[in-house]
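Only one structure is covered here, and it is reproduced in the block below.
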Amino acid sequence: MRRIYLTITMTVLLLAGGHCAFAKKSKTIEVETAKFAKSDSTAEVSVLVQWPVNGDKIIVDSLRHHINYLLGDELNRPDDVKAYGESLFESLSLDWHSVYDEMEPEERLGAFTRYYEITLEAQTNRYVTYFYRQHEYQGGVHGYTTDVGFTFRKSDGKQIKLLENTDSPELAKLVKEGIKSFFAGGPDKTMSDER
């Protein structure tokens, strides 16, 4: 539900801002999808990255830098995802053994997991949006998931903070309706301003 709301909001904002008649034409960002997946009884790792391989240098470099920041590593090309995934798998497996080797098998919980998904969601002549999902489990009742969208200007590669311009009545209405819908339990249920 949150991903749908986030994706719709970002797409509306991109489309609204991307139709300026005077917008500078920029190259379309081209990506190469790099995947890694490995699992056993101690660790489970899945990494999917849509690595920018072609486009205006300033935005491609900015996107690559941000992907490296999200992963906490220095990847230089799509092929690096495999080495990154292997290293992450080995690290999680060692962590699992350090926690569970002393326990009886029936007391052990599942494999430690880490999933990353970094994908190109949308782009216009002026903006590009990436979606980031991370899921992690390292013992306990449940893991946690993080879903975040990031939008960048193609002209200078800078990240846009989408809700900085809250003076827009259209944006305020869209955000208010989305928040009401989310906390009411879905689009078919209503919620007043007071509730």
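The values are calculated or read from the model by the stated rules, or taken from the named source; none is laboratory data. The structure presented is a predicted model; accordingly, all values stated were derived computationally and were not measured. In this analysis, Cβ positions are derived from the backbone assuming ideal geometry, glycine residues included, and neighbour counts consider all displayed protein chains. Ligands, DNA and RNA are stripped out before the accessible areas are found, and what is left, the full protein with its side chains, is counted by its heavy atoms. Shrake-Rupley method; radii C 1.70, N 1.55, O 1.52, S 1.80 Å.
Scanning segment 31-66 for residues that are in a strand (DSSP E or B) and over 23 Å from LEU92 (Cα atoms) gives VAL31, GLU32, THR33, GLN50, TRP51, PRO52, VAL53, ASN54. Here the condition is being modelled with pLDDT under 95 and open to solvent by less than 50 Å² (accessible area, probe 1.4 Å); of TYR116, TYR137, TYR130, it holds for TYR137 alone.
Among residues of segment 137-158 that are under 25 Å from LEU63 (Cα atoms), those with a Cβ under 9 angstrom from a residue that is among the hydroxyl-bearing types (Ser, Thr, Tyr) and open to solvent by 60 Å² or more (accessible area, probe 1.4 Å), sequence gap 6+ or separate chain, pair up as THR145/TYR115.
Rundown of residues vs (1) over 17 Å from TYR132 (Cβ atoms); (2) in contact (Cβ under 8 Å) with a residue 12 or more places away in the chain; (3) open to solvent by 20 Å² or more (accessible area, probe 1.4 Å); (4) touching a strand residue (DSSP E or B) at 6+ places or on another chain (Cβ under 6 Å), yes/no style:
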| residue | (1), (2), (3), (4) |
| --- | --- |
| TYR69 | no, no, yes, no |
| ARG77 | yes, yes, yes, no |
| ALA83 | yes, no, yes, no |
| SER93 | yes, yes, no, yes |
| HIS97 | yes, yes, yes, no |
| GLU102 | yes, no, yes, no |
| GLU106 | yes, no, yes, no |
| PHE112 | yes, yes, no, yes |
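Looking across segment 30-55, the residues that are farther than 13 Å from ILE118 by Cα, modelled with pLDDT of 95 or more and crowded, with 16+ Cβ neighbours inside 10 Å come down to LYS38, GLU44, VAL45.
Quick one: is THR124 open to solvent by less than 50 Å² (accessible area, probe 1.4 Å), farther than 19 Å from GLY72 by Cα, of a type in the set (Ser, Thr, Tyr) and modelled with pLDDT of 90 or more?
yes
With respect to the conditions (1) under 23 Å from the mean Cα position of the chain (by Cα); (2) in a loop (DSSP other than H, G, I, E, B); (3) of a type in the set (Asp, Glu), ASP147 lacks only one, and its number is (2).
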